Amino acid sequence: MKVRILLLSILFNGLNMIKDKNLKTYSTSDVVNYYQYLQQLQPAEETVIKLLRSELPNMKMLDLGVGGGRTTQHFFPLVKEYIGVDYSVDMIKACQERFSQSYPSIQLRVGDGRDLSQFEDNSFDFILFSFNGLDYISHEDRLKALQEISRVGKSGGYFFFSSHHLQAIEKEFNWRHHLSLNPFKTYVNLVMFAFLRGVNTSLTYRSIKHNNYAILRDESHNFRLRTYYIRASEQIKQLEPLFKDIKVYSWKTGLELTTNHNMVSCSDMWLYYLCRIK
Ligand SMILES: C[S@@+](CC[C@H](N)C(=O)[O-])C[C@H]1O[C@@H](n2cnc3c(N)ncnc32)[C@H](O)[C@@H]1O
């Protein structure tokens, strides 16, 4: 039965990869290998572990977009029940390989954040979608995923995720930002700028400046991924119908950004959001 489910997932994944270029990238061996060896928590994740430490032992956790399991080794020992899910079969296989010895009871499943129908309503106390996993789907699908997360999460349960920060990438599209007194640095910066513009021909500094979100190809994994970037104020608005008590954190320092000024002036390429399901 298990083999049949795995074979069906592989077939389904193969068909999806034709349509979904990001899924294809997240299924290539170099990218899977990269995530399989990541270990460290990001500072904002450490902050949230400290914040929730006393509640985690009673929590059933869903680790969405678990990838190669970077967060698994930190959260699995702390929570009551842990389920890791990823839409890439290859990521799930890598994660199984990584943890089958150390955590034989671990539950790792293939699944898509846009359709969590394998889970009942009100199933989880804590849902994590870390390291920007939410950013690899379209705008409409992102809203669907947020609906699904709020459905499978318990009322009052936590949702913690990160998302790319449009404010931070905006200046990268302005050629003036790449000039420096050092001619070599200017040269390197302008080459990178040319790449960024070359792979994002429909976007300009001006168009980004006048939008609250954009999907673009950045340098991660050699410009292969289409990545959603959003302003913090817009992300908060997007969350508000379904989530409450929304807090924003710098990924680099792990500190909370408490004012709009803090968020706008933060140059982190992604920010973390902690909120509770309404
Ligand atoms: C940047 S990696 C992060 C992996 C892992 N969470 C970590 O922190 O190292 C993003 C992960 O999200 C997964 N992902 C992207 N979109 C997804 C979706 N719609 N449903 C489930 N997983 C998704 C990718 O396959 C990939 O493993």
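The values are calculated or read from the model by the stated rules, or taken from the named source; none is laboratory data. Worth saying up front: this structure is predicted, and the values here are computed from it rather than measured. Cβ placement follows ideal geometry from the backbone for every residue including glycine, while neighbour counts extend to all protein chains displayed.
Total residues in region 229-273 satisfying the condition of being part of a strand (DSSP E or B) and over 16 Å from Glu172 (Cβ atoms): the figure is 12. Just to be sure, is Gln167 under 16 Å from the mean Cα position of the chain (by Cα) and part of a helix (DSSP H, G or I)? Spelling it out, it is not the case that Gln167 is under 16 Å from the mean Cα position of the chain (by Cα) and part of a helix (DSSP H, G or I).
Among residues belonging to region 208-261 that are of a type in the set (Val, Ile, Thr) and touching a His at 6+ places or on another chain (Cβ under 8 Å), point out the one that is nearest to Phe159 (Cα to Cα). It would help to see each step written out before you state the result.
Taking region 208-261 and keeping what is of a type in the set (Val, Ile, Thr), we get 208, 215, 227, 230, 236, 246, 248, 253, 258-259.
Right, trim to touching a His at 6+ places or on another chain (Cβ under 8 Å) and you get 215, 227, 230.
Values: Ile215: 23, Thr227: 21, Ile230: 18 Å.
The residue in question is Ile230.
Within region 203-220, residues that are within 16 Å of the ligand (Cβ to nearest atom) sit with their Cβ atoms under 7 Å from residues that are assigned to a helix (DSSP H, G or I), at 6+ positions apart or across chains, in these pairs: Arg217/Val199; Asp218/Ile169. Of all residues in region 111-151, those that are within 13 Å of the ligand (Cβ to nearest atom), crowded, with 21+ Cβ neighbours inside 10 Å and over 16 Å from the mean Cα position of the chain (by Cα) total 1. The condition of being surrounded by fewer than 16 Cβ atoms within 10 Å (Cβ to Cβ) and touching an Asp or Glu at 6+ places or on another chain (Cβ under 9 Å) holds for only one of Thr28, Thr47, Thr71, that being Thr28.
Six or more apart or on different chains, Cβ under 7 Å: which pairs go from a residue in region 85-97 that's closer than 23 Å to Glu148 by Cα to one that's at pLDDT below 95 and part of a helix (DSSP H, G or I)? Could you list them? If the second residue must be at pLDDT below 95 and part of a helix (DSSP H, G or I), the pairs left are Val89/Ser9; Val89/Ile10; Val89/Asn13. Here the condition is being at pLDDT below 95, out of contact with any Cys (no Cβ under 6 Å at 6 or more places or on another chain) and within 14 Å of the ligand (Cβ to nearest atom); of Ser9, Ser100, Ser27, it holds for Ser9 alone.
Pairs linking a residue in region 168-187 that is farther than 15 Å from Leu203 by Cα and in contact (Cβ under 8 Å) with a residue 24 or more places away in the chain to a residue that is in a helix (DSSP H, G or I) and not small (Gly, Ala, Ser), with Cβ atoms under 8 Å and 6 or more positions apart or on different chains, do not occur.
Quick check on region 30-43. Is at least one of its residues in the same structural domain as Trp251 (by TED's automatic domain parsing), acidic (Asp, Glu), near the ligand (Cβ under 10 Å from one of its atoms) and at pLDDT 95 or above?
From region 30-43, those in the same structural domain as Trp251 (by TED's automatic domain parsing) are 30-43; that's our starting set.
So of that shortlist, the ones also acidic (Asp, Glu) come out as 30.
After this cut, where a residue has to be near the ligand (Cβ under 10 Å from one of its atoms) as well, the list is none.
Checked region 30-43: no residue is in the same structural domain as Trp251 (by TED's automatic domain parsing), acidic (Asp, Glu), near the ligand (Cβ under 10 Å from one of its atoms) and at pLDDT 95 or above.
What do you reckon, is Ile236 aliphatic (A, V, I, L, M) and under 16 Å from Ala145 (Cβ atoms)? First the steps, then the outcome.
On the way: aliphatic (A, V, I, L, M): yes; under 16 Å from Ala145 (Cβ atoms): no.
So Ile236 fails the test.
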